[in-house]
Amino acid sequence: MTEEALEKENKAIAQEYKNLLKISYRTLSKDDKKLIRSAFDVAVDAHKEQRRKSGEAYIFHPIAVAKIVAAEIGLDATSIASALLHDVVEDTSYTLADLEQLFGETVARIVDGLTKIAKMPLDGDVSMQAENFRKMLLTLNDDIRVIIIKIADRLHNMQTMDSMPAYKQVKIASETLYIYAPLAHRIGLYNIKTELEDLGLKYTEPEIYNDILSKIKESKEEQDAYIKTFSKTIKDTLDSEGLNYQIKGRPKSIFSIRRKMEAQTVTFDEVYDKFAVRIIYKGDVANEKFLAWKIYSVVTDHFRPNPIRLRDWISSPKSTGYEALHITVMGPKGRWVEVQIRSERMNEIAEKGFAAHYKYKNEDEEDGGLEDWLNKLQETLENEDISAIDFVEEFKLNLYAKEIYAFTPKGDLYSLPKGATALDFAFQIHTEIGIHTRGTKVNGKLVPLSRELASGDQVEIITSENAKPTNNWLNYAITGKALSKIKTALNADKKAIAAEGKEVLIRKLKSMKISLDEKTVNQLVNYFKLKTSLDLFYRMGSGIIENKELKEFVASRNNALVSFFKKIRKPTNPPDVNKEEITEKYDQIVFGKEEQKLEYTLSKCCNPIPGDPVFGFTTINEGIKVHKKNCPNAVQLQSNYNYRILQATWIDSSQQEFKSELVITGIDTIGLVNEVTKVVSNNLHINMRSVHFDSDDGIFSGRIVVVVKNKNSLDNLVQNIKKINGIDKVTRV
C-alpha cells in the first residue's frame, strides 16, 4: 500500500471513531468516552496487520459492529467497548487476562463469551448444529450482551459478504436465517431481524430475492400514490382532532413477501399486503393509550376493519417490550391494508427493543435502566412460558434451561442434561472413548470423573487402552447412555472373569472326583445362596469362593447323599432360596457419598430387594429405614423431611473393594519403580490409589495403597512383586 493510501485509510479510521461517538443512542459521559477510546486504540493496534477479504483494513469491521451496537441497538459504553474488542482474543496475540487488566471483568467476560461462540464449528448437519448453537447461546452466557453483540457482528458480516466464495455465503446465510434472525426477533430488534432475513434470502435464493426487489422498486410509485390516497381520506379527521402525527408507508420485507408467496402459492402481484401504513403520533406516556384508540376509531370510521386481524399490543405489550395497535382494513380499490398505530416512544421501542423502553422509563438514571433491561431480557429468554403468543408468526425458540453445553478442545459442542459429569461427556462423544477414559480435564485442569459440568466448560478426555469401567463409575455418571454402556462393559468383564472361573471350578471339582453338570451347578448356587450360575462362576474367577469353602460344599453334598433314601419316600420341592439371607450375606446397602455402612432395616411398605433404586430415611425411633425410590410414601417423605433423606446404594459383595497398604523394600536399581507399578497395573482386579517411593544410599523403600476385591488377588500381587529382581520384602500393613 502506498503511503498516501495508508494516510487516507488512517484518516477514514479516525473519522469512523468520531462517527461512533456522534451516533451513540445514549448520552456518553467522560468516563464512557475514555473507555471507548482505550478499546478503540487496543483494537486498532491488535488488528493492524489484518485485512478483510475485500482488502480493507480489518479494524473497519469491529468499528461497524460497535456502531450497530451504539446506534441501532442503543447499548452502553461497556457494550460498545466489547464490540470494538470482540475479535481481539480470537484473532490476535492479546489474551483474556490482558483485556481484564485493561478494561475490567465485565468486558473480559463478554469478549470471552463471544470468543467461545466464534470457535463453534457449524459444519455438517446445519439444522442440528444450529439448534444446539441456539440453545447454547441462551444458556452459555451470564451476560445477555454477548448475544446482542453477536447479532450485531452477524449483521455486519451479512452486509459485507459480497467478496466471499458462494458456498460460504450460502452457509453463513443459512445460519443467519435459522439462528440469528429468530434471536433478534426474540430480543425485540425488529429492524435488525428484518434486515437479517432479507440478506439471508439474498444469498440462499438470489434469483427470487432480486426478482422481488426489482418488483418492489417498480411498484414504488404506485405504492406511494396508494398511501397518498389512503392518507388523504383520514387526514382531515385526524387534523380536526388536533393530533400531531405522521403517516408513512413501509414496504413489507422481501423475506416476508417471499414467505407469503410460498404459503399461499400466489405470485408477487397477488400478495395483497405488500406494505403497511404506519401512523406515528406525538403524545406523552399518560395519554398515548387514549390517543392510539382515538386514531383507531378514526381509521375504522373511514375503512372497514377485519375484526380477526386486530392485534392490541398496547394493553398487553409483547415480552420483548413491543407496543402497538395493528389493524387490517379494506382500503381504496378494495385492497386489505395493515395499519400500525404507534406513539413516537413505541416506534423507538419497535426499532431498538428494551433499550428505548428503558430510556423513556429512566431518563434520569440511564445506567440503572440499562441494567434493568439486560436483567429483564435474560429472564425473558430463560422463561419457557412466554413463547406461544410471541412466536405464532415466527419459529418457536426452544429454551432448555435443563441442559448444559460443553465443548471438546477442538470446539465441538455437546448438549447434556444439567448435573451431567465429565464421565457423561466422555460417553456422549463416543462409547469407545467413554469405556477407555483414564482421566478428564475441565478448562485445562485435571478433575475427578465425577466433576459436574457447567455450560461453556471445555472438556478434554484422556484415554488409555488399559482403562476400563469399575463399579464406582455407576456413581459418577447420570445419563442413561453412560450408565447403560458402563453396565454393559461391567457385565462383559464379569462374563470374561466368569468364563475363567468356570474352567477353574471344573478343574477343582475334577480333582475332588465331581463333574460339573447342571445338577452340581444348581447345588452350588443353592449352597452359596446365589441367584445365577454366572454369579457362581464370577465368584470363582474373582477368588471370592476359596478352596476351603469348596471342600465344605463337597462334604455337605456327601452328607446329603446319605439321607437321600429317606427323602425318596417323601419327595418335596427344593426349598426356596431365602431372599433375606441372600440380602444379608451377599448384598448390603451403603449410605451417602462416602458409602458408609450403617445399621438399617428394609421398609415393609415397599419391600425393596437388591438392585432396586432406594433411599434411606432416618426415623425417630426405628433408626434408618430403606425405601424404594418409587415407594408410595417417597414423595411425601422427600418433600416434608428432606433433611432426613440419605443417599443409598446397593453393593454386591462380589463387587466390594477393600483398601490395603503394602510396604516394599529392596536394592535400588534402574527401572525398579517402573517394574513395580507395571506389575500392579497389569493385575485385572487391582487399582492403585497412591504410591510413594524413596531411595537412600542404594536402598529402596516404597508404600503402595491398592484397592482389591479379595484376599486371593492381594496374595497374588504380593507374590508377583516379590519375583521382581531387587525386591527384598513385601509386607502388608
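The values are calculated or read from the model by the stated rules, or taken from the named source; none is laboratory data. Predicted, not measured: the structure shown is a model, and the values here were computed from it. Reconstructed Cβ throughout: ideal geometry from the backbone, glycine too, with neighbour counts over all protein chains shown.
Can you pull out the residues in region 595-613 that are on the phi < 0 side of the Ramachandran plot and either in contact with a Phe, Trp or Tyr (Cβ under 7 Å, 6 or more places away or on another chain) or modelled with pLDDT under 85 (or both)?
Once the filter is applied, which keeps residues that are on the phi < 0 side of the Ramachandran plot and either in contact with a Phe, Trp or Tyr (Cβ under 7 Å, 6 or more places away or on another chain) or modelled with pLDDT under 85 (or both), region 595-613 yields Q596, K597, L598, C606, P608, I609, P610, D612, P613.
Would you call A324 modelled with pLDDT of 85 or more, more than 31 Å from the chain's Cα centre (by Cα) and either within 26 Å of A286 (Cα to Cα) or crowded, with 16+ Cβ neighbours inside 10 Å (or both)?
So A324 fits the description; yes.
Where the second residue is among the polar types (S, T, N, Q) and surrounded by 13 or more Cβ atoms within 10 Å (Cβ to Cβ) and the first is closer than 13 Å to E241 by Cα and lies in region 294-308, which pairs have Cβ atoms under 8 Å and are six or more apart or on separate chains?
Qualifying pairs under 8 Å: V298/T237.
List the number of the failed condition for H47; all other conditions in (1) farther than 19 Å from K150 by Cα; (2) buried (at least 19 other Cβ atoms within 10 Å of the Cβ) hold.
Checking H47 against (1) farther than 19 Å from K150 by Cα; (2) buried (at least 19 other Cβ atoms within 10 Å of the Cβ), the one that fails is (1).
Could you please find all residues in region 229-255 being closer than 28 Å to K282 by Cβ and part of a helix (DSSP H, G or I)?
Selection gives T229, F230, S231, K232, T233, I234, K235, D236, T237, L238, D239, S240.
Take residues that are modelled with pLDDT of 85 or more and either in contact with a Phe, Trp or Tyr (Cβ under 6 Å, 6 or more places away or on another chain) or surrounded by 17 or more Cβ atoms within 10 Å (Cβ to Cβ) (or both) and tell me which of the strands (runs of 3 or more DSSP E) falling wholly in region 659-733 contain 1 or more.
699-708, 727-732
Looking at region 180-203, which of its residues are over 23 Å from R335 (Cβ atoms) and at pLDDT 90 or above?
Correct list: I192, K193, E195, L196, E197, D198, L199, G200, L201, K202, Y203.
In region 256-313, which residue that is surrounded by fewer than 16 Cβ atoms within 10 Å (Cβ to Cβ), assigned to a helix (DSSP H, G or I) and among the aliphatic types (A, V, I, L, M) is modelled with the lowest pLDDT?
I308
Within the bounds of region 446-463, is there any residue that is modelled with pLDDT of 85 or more and in contact with a His (Cβ under 8 Å, 6 or more places away or on another chain)?
So far as region 446-463 goes, yes, one or more of its residues are modelled with pLDDT of 85 or more and in contact with a His (Cβ under 8 Å, 6 or more places away or on another chain).
Six or more apart or on different chains, Cβ under 6 Å: which pairs go from a residue in region 200-227 that's touching a residue at least 40 places away in the same chain (Cβ under 8 Å) to one that's small (G, A, S) and assigned to a helix (DSSP H, G or I)? Could you list them?
G200/A173; Y203/A173
Would you mind finding the one in L196, L243 that is under 22 Å from E348 (Cα atoms), buried (at least 19 other Cβ atoms within 10 Å of the Cβ) and not assigned by TED's automatic domain parsing to the domain that holds Y58?
Result of the check over L196, L243: L196.
When D41 is evaluated against the numbered criteria (1) under 28 Å from the mean Cα position of the chain (by Cα); (2) surrounded by fewer than 23 Cβ atoms within 10 Å (Cβ to Cβ), which criterion, by number, is the only one it fails?
Failing condition for D41: (1).
In region 63-81, is there at least one residue being among the charged types (D, E, K, R) and modelled with pLDDT of 90 or more?
yes
Which ranges mark the strands (runs of 3 or more DSSP E) fully within region 397-506 that have 1 or more residues being among the charged types (D, E, K, R) and either over 30 Å from V708 (Cα atoms) or in contact (Cβ under 8 Å) with a residue 24 or more places away in the chain (or both)?
403-407, 437-442, 459-463
Suppose the filter is under 19 Å from V146 (Cα atoms) and crowded, with 18+ Cβ neighbours inside 10 Å; does A57 pass it?
No.
Could you list, in sequence order, all residues of region 592-649 that are of a type in the set (D, E, K, R) and part of a strand (DSSP E or B)?
Those that are of a type in the set (D, E, K, R) and part of a strand (DSSP E or B): K625, K628.
Would you point out which residue out of Y226, Y209 is surrounded by 19 or more Cβ atoms within 10 Å (Cβ to Cβ), of a type in the set (F, W, Y), assigned to a helix (DSSP H, G or I) and within 38 Å of the chain's Cα centre (by Cα)?
Sole residue among the options that is surrounded by 19 or more Cβ atoms within 10 Å (Cβ to Cβ), of a type in the set (F, W, Y), assigned to a helix (DSSP H, G or I) and within 38 Å of the chain's Cα centre (by Cα): Y209.
Evaluate region 310-323: report whether one residue or more is in contact (Cβ under 8 Å) with a residue 60 or more places away in the chain and over 30 Å from V69 (Cα atoms).
no
Tell me which residues, restricted to region 674-733, are more than 39 Å from the chain's Cα centre (by Cα), over 26 Å from G501 (Cα atoms) and among the hydrophobic types (A, V, I, L, M, F, W, C).
V676, F693, I699, F700, I704, I724, I727, V730, V733
Could you grab the pairs with beta carbons closer than 6 Å, sequence gap of 6+ or different chains, first residue in region 666-681 and assigned by TED's automatic domain parsing to the domain that holds Q719, second one surrounded by 15 or more Cβ atoms within 10 Å (Cβ to Cβ) and assigned to a helix (DSSP H, G or I)?
So the pair list comes out as V679/N720; V679/I721.
Every residue in region 324-355 that is touching a residue at least 40 places away in the same chain (Cβ under 8 Å) and on the phi > 0 side of the Ramachandran plot, please.
K333, G353
For region 45-116, which fully contained helices (runs of 4 or more DSSP H) count at least 1 residues that are small (G, A, S), closer than 21 Å to S29 by Cβ and touching a residue at least 24 places away in the same chain (Cβ under 8 Å)?
Correct list: 60-67, 77-84.
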